[in-house]
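The values are calculated or read from the model by the stated rules, or taken from the named source; none is laboratory data. Please read these numbers as outputs of a predicted model, since none were measured by experiment. Using ideal geometry, Cβ is built from the backbone for each residue, glycine included, and neighbour counts are taken over all protein chains shown. The accessibility values were calculated without ligands, DNA or RNA, using every heavy atom of the protein model including side chains. Shrake-Rupley method; radii C 1.70, N 1.55, O 1.52, S 1.80 Å.
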Amino acid sequence: MSLTELTATSRVTVFPLESLTVAYTTQSSDRRALGDIGLVAVVDEHSAGEELWRLAHELGGRTVGEEQARWILTQACRARMVNAYANLPHETWTACIRRRFELDALFANHDVLLTGRIALSGLRARSTEEKTTSRGKP
């Protein structure tokens, strides 16, 4: 599979999904800034993002690519609605995209799903700050 690297600053929702930490953000295909491209990626430097597709099959019972993509987007949108773990409004990130899936119809305001691995600068800084703060407490 080809590898595409994207870097941007946008709103990112981070949430747990089984044993994974997952990040969800959107991109726009044109100047209208509709967020029609959903990016759902695993926050792990060793991941390729295929774990998301396996979970869609194992947990969601989905076997077809279209159904799996919709399940992945549903998990991401659900996490954003309930503010599951971390909402980073202006996060700078770099994602290695392993899979691009074009949906046959608009779903959760997306017509494309990108999956892969993502690195989040703010989450790393926040984790380091929390560890430093917790060490300094008696």
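The table for this structure:
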quantity	calculated
Where Ala69 falls short, out of the listed (1) open to solvent by less than 20 Å² (accessible area, probe 1.4 Å); (2) assigned to a helix (DSSP H, G or I); (3) modelled with pLDDT under 95	(3)
Given (1) in contact with a Ser or Thr (Cβ under 8 Å, 6 or more places away or on another chain); (2) among the small types (Gly, Ala, Ser); (3) in a loop (DSSP other than H, G, I, E, B), number of the condition Ala41 does not satisfy	(3)
Which numbered condition Gly60 misses (of (1) over 21 Å from Ser28 (Cβ atoms); (2) in a strand (DSSP E or B))	(2)
The listed residue being in a strand (DSSP E or B) and open to solvent by 90 Å² or more (accessible area, probe 1.4 Å), out of Arg54, Arg11	Arg11
Residues located in the range 14-37, provided they are open to solvent by less than 20 Å² (accessible area, probe 1.4 Å) and hydroxyl-bearing (Ser, Thr, Tyr)	Tyr24, Thr25
Where Val40 falls short, out of the listed (1) open to solvent by 80 Å² or more (accessible area, probe 1.4 Å); (2) touching a strand residue (DSSP E or B) at 6+ places or on another chain (Cβ under 9 Å)	(1)
Tally, over the range 78-89, of residues that are touching a residue at least 40 places away in the same chain (Cβ under 8 Å), open to solvent by 10 Å² or more (accessible area, probe 1.4 Å) and not in a loop (DSSP other than H, G, I, E, B)	4
